[in-house]
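Heads up, the thing below is written out as C-alpha cells.
The values are calculated or read from the model by the stated rules, or taken from the named source; none is laboratory data. Since the structure is predicted, the reported quantities are computational estimates derived from the model, not experimental observations. Cβ coordinates were reconstructed from backbone atoms using ideal geometry, including for glycine residues, and neighbour counts include every protein chain displayed. The protein model used for the area step is the full one, side chains on, heavy atoms only, and it has no ligands, DNA or RNA in it. Shrake-Rupley method; radii C 1.70, N 1.55, O 1.52, S 1.80 Å.
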Number of protein chains: 2
Amino acid sequence: MHDLLVQQAGRSLQSRFGLSAADYTVLAELTRAPDDRLRMGDLAQVLGWEKSRLSHHLARMVKRGIVTREDCADDRRGAYVVVTEAGCAAMRAAAPRHVEDVRRLFLDHLTPAQTALLAEITDTVIEKIDPQ
Amino acid sequence: MHDLLVQQAGRSLQSRFGLSAADYTVLAELTRAPDDRLRMGDLAQVLGWEKSRLSHHLARMVKRGIVTREDCADDRRGAYVVVTEAGCAAMRAAAPRHVEDVRRLFLDHLTPAQTALLAEITDTVIEKIDPQ
C-alpha cells in the first residue's frame, strides 16, 4: 500500500511540477529545517536513506537548480544542502496539491473509525520501536 | 511508521548479512521472478523506483557480486538483471531472519483485531487506487 501510494502521488507530482516523490521528500525535509538547510549526514539520517543514494540524488537536484551546496569554512562537519529560490517556488506550488493527492488517494477511502484506528496503530508501533 | 520500520529492519539486515533494505527489496523481487531474473525496466516498475536510482543501485550490487547483467542478443528489450549464486545464498540466509524482524518490530505490537483492521484498510486502499 505504501509503495503504491508513493508511486501514484509521485506520478502526480512529476506530471504537474516535474518533481519525483523523492525530490518532494528531500525538499520537504529541507524547507522544514531552519534556514532551509541541512548537512548531508543529517539529511541522510532524517530521510533514512543510504549516503550513496542521497549523494547521487542530490547531484541530479543540484543540476536542475532546486538545491545547492554551501560550504562552511569554519566547521569541519561539512557542507550544507540548501533549497534554492527555484526549489522553494516548486514546493510552494506543489505542497497544496500534494496534500490534496494524499486525501484523494488515501484518506478519502477510509472511514473516520478506520483513520482513528490507523493513527492508533502507527502511534503504538512508533512508540515501541523508537521511543524518542 | 513505514520509514522507521524500513530503517530498523535495514539496520538488522546490514549488521547480520551486509544487505541494505534496498538490496533486500531488489533481491526479493528478482528471486520471486522466473529464473531469478528481470529486465531493468520491469524491475524499476515492480520496485516503483526511478530508473536513475535503480541503475546506480544495481552498479553497486554488481560490484559486490550479488547480481549480474546478462545480455540477450536476440531481444532488443535489453539486458536482464540476474541474481548470482552469492546473491541467492545471501537471500536464503537473510529471509527467515527478516521475517522474524518484521514480527518483532511490527506485528508483535499489534493486537489480532488491529492486524485484521490494518489488512482491511490496506486491501481497501489498494483496491481503490490500483484495481489490477
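Observations, loosely collected:
- Against the conditions (1) farther than 24 Å from B:Q8 by Cβ; (2) hydrophobic (A, V, I, L, M, F, W, C); (3) surrounded by 18 or more Cβ atoms within 10 Å (Cβ to Cβ), A:L107 satisfies every one except (3).
- Per-region count, region A:58-67, residues of a type in the set (V, I, T) and open to solvent by 50 Å² or more (accessible area, probe 1.4 Å): 1
- Within the span defined as region B:37-57, one or more residues are farther than 20 Å from A:Q7 by Cα, more than 14 Å from chain A (Cβ to nearest Cβ) and either out of contact with any Leu (no Cβ under 6 Å at 6 or more places or on another chain) or crowded, with 18+ Cβ neighbours inside 10 Å (or both).
- Contact map, region A:98-111: residues that are under 10 Å from B:K128 (Cα atoms) paired with residues that are hydroxyl-bearing (S, T, Y) and surrounded by 15 or more Cβ atoms within 10 Å (Cβ to Cβ), Cβ distance under 6 Å, separation 6+ or inter-chain. Pairs shown: A:H109/B:T124.
- Some residue of region B:99-108 being away from every other protein chain (no Cβ under 14 Å) and outside any strand (DSSP E or B): yes
- Boolean, B:V99 is of a type in the set (V, I, T) and either touching a Pro at 6+ places or on another chain (Cβ under 8 Å) or loosely packed, with under 12 Cβ neighbours inside 10 Å (or both): yes
- Only one of the numbered conditions (1) of a type in the set (V, I, T); (2) closer than 16 Å to A:T25 by Cα; (3) surrounded by 17 or more Cβ atoms within 10 Å (Cβ to Cβ) is violated by A:I129, and that is (2).
- Tally of residues being out of contact with any helix residue (DSSP H, G or I) (no Cβ under 9 Å at 6 or more places or on another chain) and either acidic (D, E) or in contact (Cβ under 8 Å) with a residue 24 or more places away in the chain (or both) across region B:76-97: 1
- Filtering A:Q14, A:Q7 for residues that are open to solvent by 60 Å² or more (accessible area, probe 1.4 Å) and either under 29 Å from A:R104 (Cβ atoms) or in contact (Cβ under 8 Å) with a residue 12 or more places away in the chain (or both) leaves a single hit, A:Q14.
- Candidate set: region B:22-35, residues that are surrounded by fewer than 20 Cβ atoms within 10 Å (Cβ to Cβ) and within 18 Å of B:G65 (Cα to Cα); chosen: the one nearest to the other protein chains (Cβ to nearest Cβ): B:T25
- Failed condition for A:E70, given (1) open to solvent by less than 60 Å² (accessible area, probe 1.4 Å); (2) more than 21 Å from B:Q45 (Cβ to Cβ); (3) away from chain B (no Cβ under 12 Å): (1)
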